[in-house]
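What follows is a short report on a single structure.
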Amino acid sequence: MKKYSFIWLICLPFIIPFLLIPAGAQQKNIILATTTSTQDSGLLDVLIPIFEKKTGYFVKTIAVGSGQAMAMGQKGEADVLLVHSPDAEKKFIAEGHGINRRLIMHNDYIIVGPSNDPSKIKGLKSSSEAFKKISSEKTLFMSRGDNSGTNSKEKAIWKIAGINPEGEKWYQQTGLGMGQTLNVAAEKKGYTLTDRGTYLALKKNLGLDILVAGDAILLNIYHVIEVNPNKWPKVNAAGAKAFADFMVSREAQEVIKTFGVDKFGSPLFFPDAGKKEEELGK
């Protein structure tokens, strides 16, 4: 017994400091729930390794629609969100699920379709007019149908157009992410609404053309939101803040600014940290 007591006394000075380390400081894994566009475009493949190397955190990325990402946040199943559905985000914050909603970047939505453009929408300035023509011609339209930010934007455009496409044979819902929905639209030669970043990243193999762009309603804005630790004490609040801080940092914003330029001749996203939302798209 004396032998074991001696060993314990020797080890005690080394054990006590470890026991005094707060549990959060030992928690190095972060769960990021994000929209599929940030994943499919390849942006996170560049940003996350930089963040991990810089901070020592390990990021587990779950790419779903913005609606599903926020649903995870509401259940405390994610630490931090990167999403693009402003109205739903404001509600998420108002209900106390998230904190520190910060502007990260924007790009835009575009309407794409087959090059022969059966509904003749190419060059229209109004996305709602384009949707009206697709509806009147009953041309195939592929919707994500997944409560994502893109799906929410699409529904808003149909509403402006005064059309409810639900249940129409020409209107099909994939229930998939942006990249997969683009592939289905390409295969079936249909129209779809997409963010520009994902489209450009996959354009080479799609055979779909940009037909409508530039309408003010097509602005696509991304925010980072930390899940509220007061509601979910087990979330990695320190890790979530570290990731959010990184996304608004000069280093990350510079990556966003140049991402895609070498391959596509223009960036896939535009950095916006520190700006006001109403300044965008002007």
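The values are calculated or read from the model by the stated rules, or taken from the named source; none is laboratory data. Remember, predicted model here, so these are calculated numbers, not experimental data. Here the Cβ positions follow ideal geometry from the backbone for every residue, glycine too, while neighbour counts run over all protein chains shown.
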| query | Here is a list of conditions, (1) at pLDDT 95 or above; (2) more than 29 Å from residue 264 (Cα to Cα), and residue 190 meets all of them except one; can you say which number that is? | reply | (2)
| remark: Selection from the range 183-212 of residues assigned to a loop (DSSP other than H, G, I, E, B) and surrounded by fewer than 22 Cβ atoms within 10 Å (Cβ to Cβ) yields 189, 206, 207
| field | Residue that is modelled with the highest pLDDT, among those in the range 230-276 that are under 22 Å from residue 198 (Cβ atoms) and among the acidic types (Asp, Glu) | value | 254
| said: Residue pairs, Cβ under 7 Å, 6 or more apart or interchain, first in the range 120-147 and surrounded by fewer than 15 Cβ atoms within 10 Å (Cβ to Cβ), second among the small types (Gly, Ala, Ser). List them. | reply: 125/214; 137/119
| query | Taking the range 27-38 only, how many residues are crowded, with 23+ Cβ neighbours inside 10 Å and in contact (Cβ under 8 Å) with a residue 60 or more places away in the chain? | reply | 6
| Output for the range 28-62, where each listed residue is modelled with pLDDT under 90, part of a helix (DSSP H, G or I) and not acidic (Asp, Glu) | 36, 37, 38, 39
| said: Which of the numbered conditions does residue 234 fail, given that it passes all the others? Conditions: (1) surrounded by 13 or more Cβ atoms within 10 Å (Cβ to Cβ); (2) closer than 17 Å to residue 33 by Cβ. | reply: (1)
